[in-house]
1. Does Gly101 satisfy being open to solvent by 70 Å² or more (accessible area, probe 1.4 Å), on the phi > 0 side of the Ramachandran plot and not polar (S, T, N, Q)?
2. Out of region 135-181, which residues are of a type in the set (Phe, Trp, Tyr), without any contact (Cβ under 8 Å) to a residue 60 or more places away in the chain and exposed (fewer than 13 other Cβ atoms within 10 Å of the Cβ)?
3. Do we have Thr43 as at pLDDT below 95, over 16 Å from Leu125 (Cβ atoms), open to solvent by 40 Å² or more (accessible area, probe 1.4 Å) and assigned to a helix (DSSP H, G or I) here?
4. Which pairs do you get when a residue that is within 20 Å of Thr72 (Cα to Cα), found in region 13-31, comes within reach of a residue that is of a type in the set (Asp, Glu), reach meaning Cβ atoms under 8 angstrom, with the pair 6+ apart or on two chains?
5. Tell me which of these His86 doesn't satisfy, since it passes every other one: (1) exposed (fewer than 12 other Cβ atoms within 10 Å of the Cβ); (2) in contact with a Gly (Cβ under 7 Å, 6 or more places away or on another chain).
6. Take the residues in region 46-68 that are surrounded by fewer than 18 Cβ atoms within 10 Å (Cβ to Cβ) and at pLDDT 95 or above, then tell me which one is nearest to the chain's Cα centre (by Cα).
7. Do any strands (runs of 3 or more DSSP E) entirely within region 75-181 hold 2 or more residues that are more than 17 Å from the chain's Cα centre (by Cα) and of a type outside the set (Lys, Arg), and if so, which?
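The values are calculated or read from the model by the stated rules, or taken from the named source; none is laboratory data. Note that the structure is predicted; figures quoted are calculated from it, not measured. Using ideal geometry, Cβ is built from the backbone for each residue, glycine included, and neighbour counts are taken over all protein chains shown. To get the accessible areas, we keep the full protein, side chains included, count just its heavy atoms, and leave off ligands, DNA and RNA. Shrake-Rupley method; radii C 1.70, N 1.55, O 1.52, S 1.80 Å.
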Amino acid sequence: MLRGNKVGLRARYEDDIPILLTELYDDVVNGSRAEGRPWRPITPGSRDPRLVVDDTDQGRVPFSVVELDGGTLVGTAALWGIDNHHRSAHIGLGLLPSARGKGYGTDVVAVLCHYGFVVRGLQRLQIETLADNAAMLRSAERNGFVREGVLRSSAWVLGEFLDEVLLGLLVQDWKPAFGTS
């Protein structure tokens with residue numbers, strides 16, 4: 001497990017999937033804002049590719065996020081779009097509603113940076129998020145990400161186009177968070 005100050009990132013367990021499906025993906029509004037595609041209901045027990053880990057996919061590393069105190073599942077995180085030639089990847093995360101507003105997002109981003117830069121030897125990490133996602137913007141910027149641009153009206157979300165913010169962090173600009181291992 002990779003450890004931050006508040007959370008750990010570990011492999012996805014089969015028991016995590018029903019919780020993540022119910023708490024993150026069954027919510028039409030949250031699911032629509034988090035995905036780059038339209039929300040659709042998923043049959044319970046199905047092999048939802050957003051949650052079921054494909055260990056042969058070298059371009060995506062999914063994690064389950066757990067509290068360090070007690071091990072409670074609080075969300076999901078991933079390094080995705082991993083490009084080994086350009087040594088870059090994207091960061092994504094989703095926290096259960098009960099875990100939001102506790103500083104976990106900032107810690108998850110810090111741990112993903114450690115994983116990307118130290119473990120994987122990447123040069124650049126990138127985040128794309130909706131312009132009104134203040135929590136993600138704050139988490140990214142607290143970890144040194146810089147706003148590199150706005151993708152105007154690039155996301156179709158529940159009947160309207162929204163702007164997305166593009167943030168980037170280079171390994172030479174990264175300042176490791178204390179306690180990340």
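1. yes
2. Across region 135-181, the qualifying residue is only Phe161.
3. Here the answer is no, as Thr43 does not meet what is asked.
4. So the pair list comes out as Ile17/Asp48; Leu21/Asp48; Tyr25/Asp48.
5. (2)
6. Selected residue: Glu67.
7. 146-157, 160-170
Residues checked against (1) over 30 Å from Asp27 (Cα atoms); (2) out of contact with any Phe, Trp or Tyr (no Cβ under 7 Å at 6 or more places or on another chain); (3) acidic (Asp, Glu):
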site	(1), (2), (3)
Ile82	no, yes, no
Leu96	no, yes, no
Arg100	no, yes, no
Cys113	no, no, no
Met136	no, yes, no
Glu160	no, yes, yes
Asp173	yes, yes, yes
